[in-house]
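Everything on this sheet refers to the single structure shown next.
The values are calculated or read from the model by the stated rules, or taken from the named source; none is laboratory data. Owing to the predicted nature of the structure, the values given are computational and were not obtained by experimental measurement. With ideal geometry, Cβ positions are generated from the backbone for all residues, glycine too; neighbour counts draw on all protein chains shown. Side chains included, ligands, DNA and RNA excluded: accessible areas come from the protein's heavy atoms. Shrake-Rupley method; radii C 1.70, N 1.55, O 1.52, S 1.80 Å.
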Amino acid sequence: MSLPYSFQLDTEPPFSRDDFEQRLRAIGASSYHDKHPFHVLMNEGKCNEEQIRGWVANRFYYQVQIPIKDAAILSICPDRELRREWIRRIHDHDGFQDDPGGIERWLLLGEAVGLTRQELLEQRRLLPGVRFAVDAYVHFCRSHSWLEAMASSLTELFAPSIHQKRIDAFPQFYPWIQEDGLRYFRKRLTQAPKDVSFTLHLVLDRCRTRVAQEAALSALRFKCELLWSMLDAMYMAYVLRIQMPSLDEK
């Protein structure tokens, strides 16, 4: 078990700022979940209705946990100004003032693909593998430093392109999905770049030692891996049709 990065000794010089940024971006170039076979199928119009519904239902669990993990980060962040900035992420998902928030927009997506709000809220279609991966992310943000937790959110560097692909692909390949269901993706096209600009500069500025930089890189790799693991569970359940047996079966 490795020590928290703040207790490790630096034996190597830090990466230059440009090199460090390129290493962060390279993780997404090689490991972001837009390359997962399930995403490829979906964006090429090769998923059936049940597979689309399964993806929407399981991804909803991730959506509802985002403000919870961000609240965990706030609880361990000692910097008032950073907290004032970071809390906006909770507002983006839970809603604030006239904005209903990302969770509500994902519920609209669920309705647009033929799911009911109740089955989403009650997690009736949630796969164990997806639950495990998402819960691991919340645990990571609670148990690691606030800087590592914030660095893990840099998957947003790569998110705008995946949202745009969905905006383009869904009307073309899945015309049965109601147009209102795409509001979430359109909103994230403007929200995500603002979030990632702040976080990228924060990580580049605050990770001044090699150990801190390596910790940030590891955090981002972990986030990419858990997003990939979520899709592994969905691919097995909805493409390969491998289902976990019910615990109620005798």
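It is to be established whether one or more residues within region 169-176 are in contact with a Leu (Cβ under 9 Å, 6 or more places away or on another chain), over 30 Å from L115 (Cβ atoms) and modelled with pLDDT of 95 or more. Within region 169-176, none of the residues are in contact with a Leu (Cβ under 9 Å, 6 or more places away or on another chain), over 30 Å from L115 (Cβ atoms) and modelled with pLDDT of 95 or more. Looking across T116, T155, one residue alone is free of Cβ contacts under 8 Å to residues at least 60 places away in the same chain, of a type in the set (S, T, N, Q) and closer than 18 Å to R59 by Cα. It is T116. Would you confirm, using the coordinates I've provided, whether A149 is of a type in the set (A, V, I, L, M) and either surrounded by 17 or more Cβ atoms within 10 Å (Cβ to Cβ) or closer than 19 Å to G102 by Cβ (or both)? Spelling it out, A149 is indeed of a type in the set (A, V, I, L, M) and either surrounded by 17 or more Cβ atoms within 10 Å (Cβ to Cβ) or closer than 19 Å to G102 by Cβ (or both).
How about region 159-210: which of its residues are among the basic types (K, R) and open to solvent by less than 20 Å² (accessible area, probe 1.4 Å)? Break it down into steps so the answer makes sense when it comes.
Residues of region 159-210 that are among the basic types (K, R), as a first pass: 165-166, 183, 186-188, 194, 206, 208, 210.
Within region 159-210, R166, R188 qualify.
The set of residues in region 8-20 that are assigned to a helix (DSSP H, G or I), surrounded by fewer than 16 Cβ atoms within 10 Å (Cβ to Cβ) and touching a residue at least 60 places away in the same chain (Cβ under 8 Å) contains only R17.
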